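Accompanying notes for the structure given below.
Here, each number is a calculation from the coordinates, and none is a lab measurement. Fair warning: this is a prediction, and the values are worked out from it, not measured in the lab. Cβ placement follows ideal geometry from the backbone for every residue including glycine, while neighbour counts extend to all protein chains displayed.
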Amino acid sequence: MNLPERYYQKEIETMPPEKIRALQSEKLVRQVRRVYENVSYYRELMNRKGVRPEDIHGIEDLHKLPFLSKADLRDQYPYGLLATPLSECVRIHSTSGTTGRRVVAFYTQYDVDLWEDCCARALTAAGATKEDVCQVAYGYGLFTGGFGLNGGSHKVGCLTLPMSSGNTERQIQFMLDLNSTILCCTPSYAAYLGEYLKENGYRPEDNRLKAGIFGAEPWTEEMRRDIEKSLGIKAYDIYGLTESSGPGVAFECREQHGMHINEDHFLAEIIDPETGEVLPEGSKGELVFTSLDKEAFPLLRYRTRDICVLTREKCSCGRTFIRMSKPMGRSDDMLIIRGVNVFPSQIETVLLNKGYTPNYQILIDRVHNTDTLDINVELTPEQARNTPEEVAKMEGSLAGAIKTMLGISPKVHLLEPHSITRSEGKAVRVIDKRKLLD
Ligand code: DLL
């Protein structure tokens, strides 16, 4: 039997859609005016497009505003997009940025407060209450995961365990000794914790966890089932990005069919990534966000590069916020191998469906002007007991299944358990040596 749904801010989370749209319109008009007045870079962008704050009367005028991209953010590093005096800011976070300049985001106390509310909504949707012990195993520091969920957990009133990521042995000891009931970390780290428990002789029922809040990287439905089984929990997705505060832009409810976007704070659009044209609801395209309330680092029409679908279909949890699908990879993450578009999630789906571990690595190279695709996959300890001949057969059969999914043939290498380094934060699954050569 389903218990009655709990909300963190019921009135807002279940607001009729027309009321949400009216609220968004009111906030958008105010935000555009503020940004135009306070940020010279935005003023120039808008002037160049021939749009002035007076032209924005509500969300129906959103399309008139210019887009903002990561390149703009990098360009304006560090203070160029600040919309409040620095003395009003109380926090900085930053992207992990492996290439180019990092993006630095600023927060006023009001911004931190709203961000933590968003995370508290996500935790509550996953069943968290003040009776829970919430183990936050996202990294604390410039990365937003740790501090974001920590703040949300406080707001809900959970007993918060600020573990940060890594130190797996201590992580497990605290989880078991202090009876953690909610786990927050990346899905790849959750999978590792499940594997670690199993290998150390624990059964899923030996821990008290009931739910996990996992995000910050793409993960498939197959990976969700794997984690749910190994930890004995219900696994909820959470989405966000540093530029928009951090985790909590969108979160899953018990229905687990899309993440509700916190629409009172974030206005979402889907566009064609090639042309920039706004697409109708239900179309697959690039997610674009406008932050309606943020003071220090507001973003108007920010192109996330994440590809997904939005739906307003009614959700039985009672929340009226629009839902986004799991991001189907980023437009800049899509691999083009021998001319074929490949998303790493397609490979993950085949692996997990065929009973392999989520421990894999995709290696792409170019030899004699032809792309090569090698996939390293770890065997489970049981699979590793097979003879070398049997393993060779398994490699052939897995390569065949991946070829059916992608249309191109990979070379599959099945490896001994524990040959691939485990991730404690975001997993690095793709090594594209072609890029390193460019
Ligand atoms: O990853 C914020 C976050 C922390 C989200 C903890 C959820 C939990 P960034 O490091 O700036 O911020 O990375 C943002 O990560 O544009 C997506 O491509 C990806 N991403 C985030 N959440 C998800 C998710 C944090 N649930 C980038 N599914 C985003 C798939 C995700 N991809």
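Segment 2-56: percent of C-alpha pairs farther apart than 18 Å? Tail fraction, whole percent: 51.
Rounded, prolate or oblate: which fits segment 309-362, taking a ≥ b ≥ c as square roots of the Cα gyration tensor eigenvalues, rounded meaning a/c under 1.5, else prolate when a/b beats b/c? Oblate, since a/c reaches 1.5 and b/c is not below a/b. For a straight C-alpha distance cut-off of 28 angstrom, the lysines reachable from Lys19 (same-chain residues fewer than eight places away being disregarded) are Lys10, Lys27, Lys64, Lys155, Lys284, Lys294, Lys314, Lys326.
Kirkwood Rh and Cα-based Rg: tell me the resulting Rg over Rh for segment 335-437, rounded to two decimals.
Details: Rg = 13.6 Å, Rh = 14.2 Å.
That ratio is 0.96, to two decimals.
Close amide H partners of Thr14, meaning residues 5 or more places away or on another chain with modelled amide H under 5 Å apart, are Thr320. Please report the base-10 log of the normalised intensity I(q)/I(0) for the chain, using a Debye sum with one equal scatterer per alpha carbon and no solvent, at each q in 0.06, 0.07, 0.08 (1/Å). Log10 of I(q)/I(0), two decimals: -0.26, -0.36, -0.47. Extent along the principal axes, Cα only, for segment 29-88: 32, 25, 17 Å, with the longest axis given first.
Over all other residues within a Cβ to Cβ distance under 12 Å of Val288, the charged ones net out to -3, with Lys and Arg as +1 and Asp and Glu as -1.
Could you compute how fast segment 48-167 diffuses translationally, taking Rh as the Kirkwood radius over C-alpha pairs and applying Stokes-Einstein at 20 °C with viscosity 1.002 mPa s? Give it in µm² per second.
Values: Rh = 16.8 Å.
My calculation gives 127 µm²/s for D.
Judged by the mean number of other Cβ atoms found within 10 Å, the most tightly packed of the peptides 271-278, 130-137 leads the ranking 130-137, 271-278.
Distances longer than 21 Å among the Cα atoms of segment 256-351: what percent of all pairs is that?
Numbers: 1840 of 4560 pairs.
Of the Cα pairs, 40 percent sit more than 21 Å apart.
Within the shell of other residues whose beta carbon sits under 13 angstrom from the beta carbon of Arg422, the net charge comes to -3, with Lys and Arg scored +1 and Asp and Glu -1. What you get for segment 335-437, charging only the Cβ of Lys and Arg (+1) and of Asp and Glu (-1), is a dipole of about 380 debye around the Cα centre.
For segment 130-203, just say rounded, prolate or oblate: build the C-alpha gyration tensor, square-root its eigenvalues into a ≥ b ≥ c, call rounded for a/c under 1.5, and beyond that prolate if a/b exceeds b/c, oblate if not.
On the way: a/c = 2.29, a/b = 1.38, b/c = 1.66.
It is oblate, given that a/c is not under 1.5 and a/b is not larger than b/c.
Compared with the dominant Cα axis of the chain, that is its longest principal axis, helix 109-125 is turned about 50°.
Dipole magnitude of the chain about its Cα centre, charges +1 at Lys/Arg Cβ and -1 at Asp/Glu Cβ only, in debye to the nearest 20? Intermediate values should be presented prior to the final figure.
Working: 55 positive and 62 negative charges, 60 e Å.
About 300 debye.
In segment 1-330, Cα pairs under 8 Å separated by at least six residues give a relative contact order of 18 percent.
Rounded to the nearest 500, what is the chain's calculated 222 nm mean residue ellipticity when only DSSP H runs of at least 4 contribute -39500 (n - 2.57) each, over all residues? Could the numbers behind the result be given before it?
Details: 12 runs with 140 residues, N = 438.
After summing the helix terms and dividing by residue count, I get -10000 deg cm²/dmol.
DSSP beta bridges confined to the chain are antiparallel in about 60 percent of cases. Among the lysines of segment 335-437, pairs at least eight places apart or on separate chains and with Cα atoms under 22 Å apart come to 10.
Normalised Debye scattering of segment 124-166 at q = 0.14, 0.15, 0.22, 0.34 Å⁻¹ gives log10 I(q)/I(0) of -0.27, -0.31, -0.64, -1.16, counting only Cα atoms as equal scatterers and leaving out solvent.
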